[in-house]
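Asks: First, the structure itself, so that you have it in front of you.
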Amino acid sequence: MQKIVPHLWFDKEAVEAAKFYTAVFPECEINYQTVIKNTPSGDCEIVSFKIKGYEFMSLSAGPLFKFNPSISFMVNIDPSKSKSAKKNLDTLWESLSEGGKTLMPLGKYPFSDRYGWVEDQFGVSWQLILTDAKGEGRPFIVPTFLFVGEVCGRAEEAMAFYRSVFSRSKQGVVVHYSEGSEPDVEGSVKYCDFMLENQWFAAMDSAQEHKFGFNEAISFIVHCRNQQEIDYHWAKLSFDPQAERCGWLKDKFGVSWQIVPANMRELMEKNPRKTTPAMLKMKRIIIKDLEMAGRG
């Protein structure tokens, strides 16, 4: 099981978006779909899908949160693995940009011969890049944090913090802004990447004027083996008591996480009429209480 899973909060489009991604991306499939009834947002559709083996969860639960580029998904296309890499990238760009918005035009940049940043028709952001085949490769999908506004300049701090929380972690590349990069501050992070639980993530600082920041539209599910692991991650990550609800929390940078048991689906499906109300009353998930609710 993938330890850390990106979770996308849609208004009503979770199923539509999952079907779109499975049509657009290579080796993509929907592997789970269900409905949770009688939540504060009404009946909520839940969809799980994979892109080249990388799992996403998505939810239709009303217009409470809007996607923005503070969290995007880097799509690494390696020319050493395919002679048609550039063509594949361009085809993917064409599909994702239809009905969406270009954030950085597709073209040649100092860091890549082919790169573009696009917001798709649902508002989810993707960075498509023709990767440099030299050195250690990166996976097809890499979630990427953009630290702006009040948290600008904290990307390197966040990388160190997350590496201290999660096991099987390591630092990748770190590129700092040089002198003359105003408004970005010399020494802040132009780009860095790091591994958590054997999964790659990336982060950047940007002092440009942005009217967005981290929110619950994109959160990260952490699958925990037992209550002890839930309690550990909850204690390490939770920073805002007002954001604690149903296993959700916000860390000190404003990033949202869901700390749940690895068998959450099984626990919830045993007796949904009882387990759903029990879960909705919780802040931190208590496995034994869900088990009791499941037994009726």
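The values are calculated or read from the model by the stated rules, or taken from the named source; none is laboratory data. Here the structure is a predicted model, which is why all the values come from computation and not from measurement. When we count neighbours, we look across all protein chains shown, and the Cβ atoms used for this are built from the backbone with ideal geometry, even at glycine.
Asks: Considering only region 205-250, how many residues are within 30 Å of PRO183 (Cα to Cα), without any contact (Cβ under 8 Å) to a residue 60 or more places away in the chain and touching a strand residue (DSSP E or B) at 6+ places or on another chain (Cβ under 8 Å)?
Replies: 4
One line per residue, one yes/no per condition, for (1) touching a helix residue (DSSP H, G or I) at 6+ places or on another chain (Cβ under 8 Å); (2) acidic (Asp, Glu):
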residue	(1), (2)
MET1	no, no
TRP9	no, no
GLU29	yes, yes
VAL35	no, no
VAL47	yes, no
PHE73	no, no
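Asks: Name the residues in region 2-19 that are of a type outside the set (Asp, Glu), part of a loop (DSSP other than H, G, I, E, B) and over 16 Å from the mean Cα position of the chain (by Cα), would you?
Replies: LYS12
Asks: Right, another one. Can you name the strands (runs of 3 or more DSSP E) wholly within region 41-158 that have at least 2 residues being in contact with a Leu (Cβ under 6 Å, 6 or more places away or on another chain) and surrounded by fewer than 19 Cβ atoms within 10 Å (Cβ to Cβ)?
Replies: Values: elements: 42-51, 54-60, 71-77, 101-109, 112-119, 125-130, 141-147.
Ranges flagged: 112-119.
Asks: Another question, if that's okay. Restricting to region 91-121, give me the number of residues that are touching a residue at least 12 places away in the same chain (Cβ under 8 Å) and touching a strand residue (DSSP E or B) at 6+ places or on another chain (Cβ under 7 Å).
Replies: Counting residues in region 91-121 that are touching a residue at least 12 places away in the same chain (Cβ under 8 Å) and touching a strand residue (DSSP E or B) at 6+ places or on another chain (Cβ under 7 Å) gives 19.
Asks: If you don't mind, there's one more thing I want to ask. Just a yes or no: is a residue in region 179-189 touching a residue at least 12 places away in the same chain (Cβ under 8 Å), under 24 Å from LEU106 (Cα atoms) and in contact with a Phe, Trp or Tyr (Cβ under 8 Å, 6 or more places away or on another chain)?
Replies: yes
Asks: Now a separate question. Can you tell me which residues in region 20-33 are loosely packed, with under 15 Cβ neighbours inside 10 Å and assigned to a helix (DSSP H, G or I)?
Replies: Within region 20-33, just ALA23 meets the criteria.
Asks: What are the pairs, 6+ residues apart or on separate chains, where a residue within region 18-39 that is on the phi > 0 side of the Ramachandran plot has its Cβ under 8 Å from a residue that is of a type in the set (A, V, I, L, M, F, W, C)?
Replies: GLU27/ILE51
Asks: Taking strands (runs of 3 or more DSSP E) that do not extend beyond region 164-271, which have at least 1 residues that are among the basic types (Lys, Arg)? Talk me through it step by step, then tell me what you get.
Replies: Working: elements: 170-176, 189-196, 199-205, 218-224, 248-250, 256-261.
Hits in region 164-271: 170-176, 189-196, 248-250.
Asks: Of the numbered conditions (1) under 30 Å from TRP234 (Cβ atoms); (2) in contact with an Asp or Glu (Cβ under 7 Å, 6 or more places away or on another chain), TYR177 fails exactly one; give the number of that condition.
Replies: Every listed condition holds for TYR177 apart from (1).
Asks: Turning to a different aspect of this structure: Is at least one residue of region 162-169 closer than 14 Å to ASN198 by Cα, in the same structural domain as LYS86 (by TED's automatic domain parsing), in contact (Cβ under 8 Å) with a residue 60 or more places away in the chain and within 18 Å of the chain's Cα centre (by Cα)?
Replies: yes
Asks: Please work out if LYS288 is touching a residue at least 40 places away in the same chain (Cβ under 8 Å), within 21 Å of the chain's Cα centre (by Cα) and in a helix (DSSP H, G or I).
Replies: Judged against the criteria, LYS288 is not a match.
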